[in-house]
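Since every read-out is calculated from the coordinates, none of them should be taken as a lab result. As the structure is a prediction and not an experimental result, all values here were calculated from the model. Here the Cβ positions follow ideal geometry from the backbone for every residue, glycine too, while neighbour counts run over all protein chains shown.
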Amino acid sequence: MMFSKNCAESGNVGGRVPDYLLPPRAPNVLAYGVGVDSTALLVELEARGEKPDLVITADTGVEKPATYEYLDVIRPWMAARGIPFEIVRYQPRRFKHWPPYYSLLEMALTNATLPSKSLGGSSCSLKYKKSPQDAFLKTWQPAVDAWARDQKVTRLIGFDAGKRDTLRYTHAVKIDDPLYDYRYPLREWGMDREACERRIAAAGLPVPPKSSCWFCIGMTPPEVRDLPVWCLRLIVLVEARAAPRLHTVEGLWRKSTRARPGRMTDFIRHERLLPAEDIDQIISEAPLDLIRFQDVAASIPVNERPTMRSWIERFNAAVPASQRPRLAA
């Protein structure tokens with residue numbers, strides 16, 4: 001009888017616990033890749049009154065130029081709707097005798113290697129995308145509070161209902177994470193990629209380009225053809241720098257096929273996207289200059305060393321100022 005009396009006095013009808021006595025709900029976070037699927041997911045969630053508590057993007061430092069341009073569109077859109085947005089980046093801590101580096105490109109040039117996907121792995125995505133998001137969320141107070149209540153944070157993932165993402169979903173759904181629940185709303189709603197494009201356009205937004213690093217193995221020949229000169233020059237440099245250590249792959253595209261060569265440099269040369277003499281000069285001179293730079297940097301105390309970015313900026317000085325890259329802040 002005491003329980004019923006207390007329920008009645010508190011407005012609890014039928015033994016139902018009032019909402020104000022329930023613990024706060026766990027927050028939800030949208031992992032935003034600035035591509036078609038995740039943009040459609042963001043737009044549709046907002047339209048349904050289910051705005052994420054946080055939208056988070058991991059910047060590898062080498063996203064396609066059009067992706068950075070799209071951030072100038074979608075960031076104000078989110079701000080106008082009160083949707084919190086964070087950009088995070090992987091932060092290496094130890095540089096040994098190397099100049100400090102902070103992007104996937106800088107890592108590849110420092111270590112004379114290719115992104116792991118070109119070598120048959122996937123650690124570049126884990127290190128430069130998932131890891132910095134995890135690190136940020138461990139300091140994000142709503143997540144910290146939820147974990148203190150033994151709740152899991154919900155991660156919203158933009159896998160669509162198409163065939164390709166079905167394969168990715170089938171693998172991801174098997175993962176049991178002690179900190180996160182994963183939700184795939186596009187699949188719940190039956191939205192494939194074409195539906196995602198239509199949804200974005202219906203919201204009055206431009207459809208973003210495919211999101212990827214500009215020297216990723218997933219770049220298609222037409223996408224490489226559309227890259228600006230500064231990207232093409234750096235692709236040649238990356239392959240030239242890594243060449244002495246490559247034994248099982250040819251270059252960024254791994255192996256030659258009927259559709260494309262294993263080296264993006266060969267495609268750039270064949271398509272005349274850069275003058276042949278420029279390609280030859282980069283291959284013969286730039287890697288040696290980079291090695292000399294690293295040797296000098298090794299003799300300087302780490303807190304005073306020039307960064308790898310400073311060398312890249314000098315390399316990019318060969319391109320007219322108006323055509324140089326927009327570097328991440």
Next item on the list: List the residues whose amide H sits under 5 Å from the amide H of G33, counting only those 5 or more places along or on another chain, with H placed 1.01 Å from N in the peptide plane.
Entry: S38
Next item on the list: Under 16 Å Cα to Cα from K64, which aspartates and glutamates show up? Leave out anything in the same chain fewer than 8 places away.
Entry: D72, E106, E223, D226
Notebook entry, point to check: Taking H as built 1.01 Å from N, whose amide H comes closer than 5 Å to the amide H of L54, not counting residues under 5 places away?
Noted result: N28, L30
Item checked: Among Q281, C196, P142 - extreme Cα towards positive end, dipole of the chain, charges at beta-carbon -> Q281
Check: Going by alpha carbons, how many degrees (0 to 90, nearest 10) lie between the helix axis of 65-80 and the longest principal axis of the chain?
Finding: 20
Check: Of A31, A58, S116, which is farthest on the positive side of the dipole of the chain, counting Cα position, with +1 on Lys and Arg Cβ, -1 on Asp and Glu Cβ, and the Cα centre as origin?
Finding: S116
Margin query: To test your reading of the geometry: what angle, between 0 and 90 degrees and rounded to tens, separates the Cα axis of helix 229-242 from the longest principal axis of the chain?
Written below: 80
Check: Cα gyration tensor of segment 275-320, axes a ≥ b ≥ c as square roots of the eigenvalues: rounded (a/c below 1.5), prolate (a/b > b/c) or oblate?
Finding: oblate
Check: If you place +1 on the Cβ of every Lys and Arg, -1 on the Cβ of every Asp and Glu, and leave all else neutral, what size is the dipole of segment 37-82 about its Cα centre, to the nearest 20 Debye?
Finding: 120
Note to self: Let's see if you can work this out: charge +1 on each Lys and Arg Cβ, -1 on each Asp and Glu Cβ, no other charges. What is the dipole magnitude of segment 255-329 about its Cα centre, in debye to the nearest 20?
What the structure shows: 440
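With charges set only on the Cβ (+1 for Lys and Arg, -1 for Asp and Glu), what does the dipole of the chain come to about its Cα centre, in debye to the nearest 20?
For this selection, approximately 540 debye.
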Notebook entry, point to check: How far is helix 276-298 tilted off the main Cα axis of the chain, in degrees rounded to 10, range 0 to 90?
Noted result: 70
